Amino acid sequence: MNSAGGPCPPTIRENSVHLIFGLGPIGGNIGERLAELNRKVFGFDLAQARVHKWAAATNAPASSDLSRVDWSAVDSVIVAVRTADQVSSVFQSLQECCTERPLTVFVVSTLAAEDARKILPSAPESWRVFEAPVSGGPHGARHGTLTTFLSGPAPTDAEERLLADISGRVFRMRNYGDAATVKLLNNTLGTYNLLSTAHMLNLAQQIGVSAKEFLEVIRVSSGQSWMSDNFSEVQYDLLLKDVGLLRGEVGSLPATDLSGDVEQEILQARGLLDSEA
């Protein structure tokens with residue numbers, strides 16, 4: 001069993017191939033970023049259209065057939081699929097192709113904390129598995145500015161360099177499941193921001209203020225947030241998936257009610273921050 005402590009591994013070789021497992025908006029853009037930095041990459045996706053589009057964009061090899069991969073050259077895998085079942089399937093496929101072979105595996109998929117604690121330690125002893133959900137969307141993935149929430153073993157220098165190529169900021173946690181919890185909390189807050197922005201835009205239009213013009217006001221005023229800045233492009237379906245995962249962990253989520261004791265909520269949160277100063 002691999003644990004967050006993990007064995008001391010061989011390093012990622014300088015000219016090794018980074019296998020991108022999943023060429024959607026996050027995985028595909030991470031792969032493009034690494035290709036742009038002259039790292040060797042190989043893209044894998046079951047969707048042929050994604051494979052062809054990504055290969056044309058990166059001028060790098062890609063396939064829907066894992067037998068096309070030169071496994072002797074692969075030291076690291078970035079897993080960017082959508083669900084826990086898909087992560088488990090990827091792990092099974094990797095074990096079939098890389099029996100006993102050392103691998104560094106970054107799982108950037110967002111899992112429920114329970115799933116992270118169940119799936120990630122099940123990897124072979126020869127693997128270095130990092131739980132690494134990310135925030136920042138396709139733009140952050142393409143430009144190497146993702147926020148990465150990292151649980152797992154202490155990274156080697158080569159793993160740190162790979163993280164630096166795709167991340168603007170890395171928040172480090174020790175135990176599997178911790179990164180998932182932080183990511184889900186963050187994305188749920190983002191969903192509140194997105195929904196509140198939608199509420200205010202709809203209200204503005206109802207009372208005679210152009211929603212489009214009001215959004216421009218929000219973006220340079222006190223109502224501004226990352227969600228308002230990216231309102232039309234946000235992948236809300238993924239946010240809602242993460243809200244569902246967090247709700248499954250904690251049972252229910254806080255309700256935002258401006259007719260309640262708003263001041264007390266704000267002062268309580270400020271007190272928590274002050275107590276940790």
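The values are calculated or read from the model by the stated rules, or taken from the named source; none is laboratory data. Keep in mind that what you see is a predicted model, and the values were worked out from it rather than measured. As a convention, Cβ positions derive from the backbone with ideal geometry for all residues, glycine included, and neighbour counts pool all protein chains shown.
Observations on the model:
- The condition (being under 21 Å from the mean Cα position of the chain (by Cα), free of Cβ contacts under 8 Å to residues at least 40 places away in the same chain, loosely packed, with under 10 Cβ neighbours inside 10 Å and not assigned by TED's automatic domain parsing to the domain that holds residue 121) is satisfied by just one residue among 228, 275, 232, 222: 232.
- Annotation note: Cβ proximity below 6 Å between a residue of region 6-17 that is surrounded by 12 or more Cβ atoms within 10 Å (Cβ to Cβ) and a residue that is part of a loop (DSSP other than H, G, I, E, B) and modelled with pLDDT under 90 (sequence gap 6+ or interchain) occurs for 9/102; 10/102.
- Of all residues making up region 61-89, the number that are under 21 Å from residue 134 (Cβ atoms) and part of a loop (DSSP other than H, G, I, E, B): 4
- For region 68-80, the count of residues that are touching a residue at least 60 places away in the same chain (Cβ under 8 Å), among the polar types (S, T, N, Q) and surrounded by 16 or more Cβ atoms within 10 Å (Cβ to Cβ) is at least one.
- Hits in region 180-213 (condition: under 30 Å from residue 109 (Cα atoms) and of a type in the set (A, V, I, L, M, F, W, C)): 180, 182, 184, 185, 189, 194, 195, 198
- Scope region 134-181; condition of a type in the set (S, T, N, Q) and more than 24 Å from residue 74 (Cα to Cα); matching residues: 135, 145, 147, 175, 181
- Selection over region 238-267 of residues that are assigned to a helix (DSSP H, G or I) and either touching a Leu at 6+ places or on another chain (Cβ under 8 Å) or under 20 Å from residue 193 (Cβ atoms) (or both) gives a count of 15.
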